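The values are calculated or read from the model by the stated rules, or taken from the named source; none is laboratory data. Just so it is clear, the model here is predicted, and its values are computed rather than measured. Note that each Cβ is placed from the backbone with ideal geometry, even for glycine, and that neighbours are counted across all protein chains shown. Please note that ligands, DNA and RNA were not included when accessible areas were found on the heavy atoms of the full protein model with its side chains. Shrake-Rupley method; radii C 1.70, N 1.55, O 1.52, S 1.80 Å.
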Amino acid sequence: MAKTQSPSYPHGSSASRGKLIVVMIVAALVVVLALLSAFVWPGWALNKTDEVTKVQQQTAAEPTKPSIKATALPDDASELLKAMPDSVLNYARTKAGASETWKSASPLEEYTLTYSTGKSAKDVTVIVAQWSDSDTVKKQYDELAKNLTGKELKSGDVKVSGKSTGSYTVRADGKDGKTATALWQNDTAVFEVTGSKESVLRFYEPFPL
């Protein structure tokens, strides 16, 4: 009796099926890891949209160019004051002048500026001061950061060309949570931005200094 031969498959087909199985296994592992990261490790899927992301989503459609003209700086403005931008997104500089908020820390110079969209409720106030060395600035930043109360919204390092030049923190107001402060150190200068939480979160990151 003649033997019935099983159909033969080209060697390439077997290899293709093997590769397909490997891809399916890898895909299954990716799904499992994603589920673990979402529901086992804290602060991921259980809190998909944090407060900062919510604000960014809500303000994504806001204009990116000002509808009002920036106020000119004084003729005798220092190099630090001249470095302050005329506008940030749709916020234009409407006030700028010397101030003494941090006088006790003996800065070389200090200024307070107001940026506005034309709606006073969205105004932000910027205080900037400069010292002669980064160690003194770090001390001032640490002291100011320590005095901030309320929920921390963001924090991290300030980097310029990949190099860390300071730190930053953003905190909601401890009393009403509707206003916020962004504070950062960049080399020999400290910046503080205050205003409504939505305005501060939108304004501080694209600020160029």
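Select, from Arg171, Arg202, the only residue that is under 18 Å from Thr125 (Cβ atoms), among the charged types (D, E, K, R) and touching a residue at least 40 places away in the same chain (Cβ under 8 Å). First the steps, then the outcome.
Numbers: Arg171 fails: touching a residue at least 40 places away in the same chain (Cβ under 8 Å).
On inspection, the qualifying residue turns out to be Arg202.
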- For segment 110-130, does any single residue satisfy the condition of being among the acidic types (Asp, Glu) and either in contact with a helix residue (DSSP H, G or I) (Cβ under 6 Å, 6 or more places away or on another chain) or open to solvent by less than 30 Å² (accessible area, probe 1.4 Å) (or both)? yes
- Message: Take Ala145 and tell me if it is assigned to a strand (DSSP E or B), more than 22 Å from Ser78 (Cα to Cα), without any contact (Cβ under 8 Å) to a residue 40 or more places away in the chain and hydrophobic (A, V, I, L, M, F, W, C).
- Response: no
- Note on the structure: Selection from segment 150-206 of residues part of a strand (DSSP E or B) and of a type in the set (S, T, N, Q) yields Ser155, Ser164, Thr165, Ser167, Thr169, Thr179, Thr181, Gln185, Asn186, Thr194, Ser196
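Is it true that some residue in segment 78-87 is modelled with pLDDT of 95 or more and hydroxyl-bearing (Ser, Thr, Tyr)? Talk me through it step by step, then tell me what you get.
Of the residues in segment 78-87, the ones modelled with pLDDT of 95 or more are 78-87.
Pick out the ones that are also hydroxyl-bearing (Ser, Thr, Tyr) and you get 78, 87.
Within segment 78-87, one or more residues are modelled with pLDDT of 95 or more and hydroxyl-bearing (Ser, Thr, Tyr).
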- Message: If I go through segment 148-187 residue by residue, how many of them are of a type in the set (A, V, I, L, M), in contact with a helix residue (DSSP H, G or I) (Cβ under 8 Å, 6 or more places away or on another chain) and open to solvent by 20 Å² or more (accessible area, probe 1.4 Å)?
- Response: 1
- Would you call Asp187 modelled with pLDDT under 95 and within 19 Å of Thr53 (Cα to Cα)? no
- Note on the structure: Those residues of segment 188-209 which are of a type in the set (A, V, I, L, M), within 15 Å of the chain's Cα centre (by Cα) and open to solvent by less than 30 Å² (accessible area, probe 1.4 Å) amount to Val193, Val200, Leu201
